[in-house]
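See below for the structure under consideration.
Just so you know, all these numbers are worked out from the coordinates, no wet-lab data involved. Nothing here was measured: the structure is a model prediction, and the numbers come from that model. Here the Cβ is made from the backbone with ideal geometry for all residues, glycine too, and neighbour counts use every protein chain on show.
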Amino acid sequence: MQRQNVAPQCIPLDIRSDLDISIDIIVPIYNEAEVIPLLLTRLDEVFSPENMRRHHLKQARYLFVDDGSRDDSAALLKELGGRQNPMRLIVFTRNFGHQAAISAGIAFSDADVTAIIDADLQDPPELLLDMVALWRRGAETVYGQRATRQGSPVKKFCYAVFYRLYRFLSSVEVPLDSGDFGLMGRPVVGALSMLPERLRFVRGLRAWVGYDTARLEYHRPERAQGETKYTFRKLYHLATEGLASMSIMPLRLSQLAALVLFVLSLAMLAAGFPGWLSDRSWMLPVMLFTNSIVLFGLYVLGSYLGRMYWR
C-alpha cells in the first residue's frame, strides 16, 4: 500500500459552519454480501440530496475496501454501488486484516473530512451527520464511544477488560470503549498518511497524533445481517498488535517483576541463613534469584528493541 504524503491543512473554525465540504466514508468489508444491500440503502438515506443540502455537504463518496472477501461482496458492490453517491472500490488480493483495510481507505481519501464505519451496521450511519456537526464546532477528531453494546456477555467483558488494560499500558490516552468508528478532519488524515508504521492500530494512532477531539456516545446494536467476522482468535491478535504497536510498558513490567523476584530471593536467603544448608529449602530462593536475572536480561534486550521501534 502506498501512502499519500498529504500535508495537513486546517480549515479555519470561523468558516466551518456554512462551508460546503466533501466527505469520504471508509467501509472495510470482509464477506459482507448479506448486509451490503441494507448498508447501501442506509448510507443513501443518510446522504440523501436533502440531507446533503441541509448539512452543507457538496459530495459524499463511499470508499469500500474489500479485504479479500471470499463471497460476492465485491461483485455486489459493483452492481449496487454508486446509484446516488459516487463510490470507489479497493480490492485486496487476500485478507490483510481490518486495520490494513482502514489504512488503505485513509491513504486514498482526499475529502475535507473522512469517516470510518464498519459494514455490519453496528455503527449507525445516521450518526455520521452528528459527527460532521461536531467537526464544524472545532473538533478535528470525532470518535464514537459505546455507552452500551449488545452481544455475548463474554465478549462484552473481554472488550471492557481490553480497553482498560490498553489504557493502562499505553503511553497514549486512548478513549475507553471507542472503536474505529469516527470522523477525522484533513489534518488528522494527513498526519496518519505520513506515519511510517506498518503494524497499524488506527484508533491508537488517531489519538497519538493529537488535535482537538470530541466524543459522541451511542448504543451499539447487534449486527444487522450475517455473522461476526471477529472471532476470539482475531480479537486476540488485534489486542496484542494494538498493545505492541502503541506501548513499551510490558517491558517495564518485566523489569519490575525482575526486581521483585530479586528482592524476594535475597530476603528469603537472609531469613534462612545459616540454617538453609541443612535441607533443600534453599532451592526456592536460588530459583527466584536466577529467574530474576533471566527476566532482567530479557528486559534489557527488549529495551534496546523498544528504543529502535520508537526511534
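Things to note:
- Inter-label distance, nm, simple model (7 Å from Cα along the C-beta direction), R42/D72: 2.2
- Extension gain for L80 to D110 (0.36 nm times residue separation, less C-alpha to C-alpha distance): 8.5 nm.
- As a proxy for reagent exposure, Y30, Y218 were ordered by neighbouring Cβ count within 10 angstrom, fewest first; the result is Y218, Y30.
- FRET efficiency, L19 to L259 (Cβ-Cβ, R0 51 Å, nearest 0.05): 0.35
- Segment A147-V172, length gained on full extension (0.36 nm per residue, minus Cα span): 6.8 nm
- Theoretical gain in end-to-end length, A267 to D212 [0.36 nm per residue, Cα-Cα removed]: 14.8 nm
- Close amide H contacts of R220 (hydrogens built in the peptide plane, cut-off under 5 Å, sequence separation of 5 or more or a different chain): A147, T148, R149, Q150.
- Counting neighbouring beta carbons within 10 Å and listing from fewest to most, the residues E45, E140 come out as E45, E140.
- The HN-Hα couplings worked out from phi for the range 208-214 by the Karplus form 6.51 cos²θ - 1.76 cosθ + 1.60 (θ = phi - 60°) are 5, 6, x, 6, 5, 10, 9 Hz, whole numbers, x standing for Gly and Pro.
- Ranked list, fewest to most other Cβ atoms within 10 Å of each Cβ, for H219, H98: H219, H98
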